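Undergrad: The structure follows.
The values are calculated or read from the model by the stated rules, or taken from the named source; none is laboratory data. All values derive from a computational prediction rather than experimental measurement. With ideal geometry, Cβ positions are generated from the backbone for all residues, glycine too; neighbour counts draw on all protein chains shown. Surface areas here come from the heavy atoms of the whole protein model, side chains and all, with no ligands, DNA or RNA. Shrake-Rupley method; radii C 1.70, N 1.55, O 1.52, S 1.80 Å.
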Amino acid sequence: MPVPSEYQRATDDFYKLLTDARDSAGLTTSNQAYTMVQGVFQTFRRRLELKDAIRFSGVLPVGARALFVADWDTNEPIRAFEDLTTMTKEVQSLRAEHNYAPETAIRDVAVALRRNLDQTMLDHLLATLPLGATQFWQP
């Protein structure tokens, strides 16, 4: 069996996500977008049970999936979905001295992510997750 195309294109697809996130947020570099996307992913996964987070990662493109699970402390307590301002501050706290995530970071990453995956699959999955998950990923 040949290597699936999503793995063959993983780097290109990952950089497309970062570029879309960069442009959506009005950032200047993909490095800035990387930190923002990672912060959004970490903020979201902290609000899910492990099994739900793994299910969510399954709809992500390969590179995004890797970033979603990277540096994960699975013993960290699960947090509740909060207001967007509070969760955005959490996003901005990741590497705060090098974090340029704007106040719209969660929405900006949602827009970029939806451009880079099957939105129908995402929406079906989000409907099965805890209250707040669907709202988190609204563009």
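Undergrad: Leaving out ligands and nucleic acids, and using a 1.4 Å probe, what accessible area per residue does the chain come to in Å²?
TA: 53
Undergrad: How much accessible surface area, in Å² rounded to 10, belongs to the heavy atoms of residue 72 with a 1.4 Å probe?
TA: Per-residue accessible area (residue 72): approximately 60 Å².
Undergrad: What ranking of 90, 6 comes out by heavy-atom accessible area, probe 1.4 Å, highest first?
TA: The ranking, largest first, comes out as 6, 90.
Undergrad: Right, next: Answer rounded, prolate or oblate for region 73-139, using the Cα gyration tensor with square roots of eigenvalues a ≥ b ≥ c: rounded when a/c is under 1.5, else prolate when a/b is larger than b/c, else oblate.
TA: Verdict is oblate for region 73-139.
Undergrad: How much net charge surrounds residue 24 when only the other residues with a Cβ under 15 Å from the Cβ of residue 24 are counted, with Lys and Arg +1 and Asp and Glu -1?
TA: Charge balance near residue 24 sits at +1.
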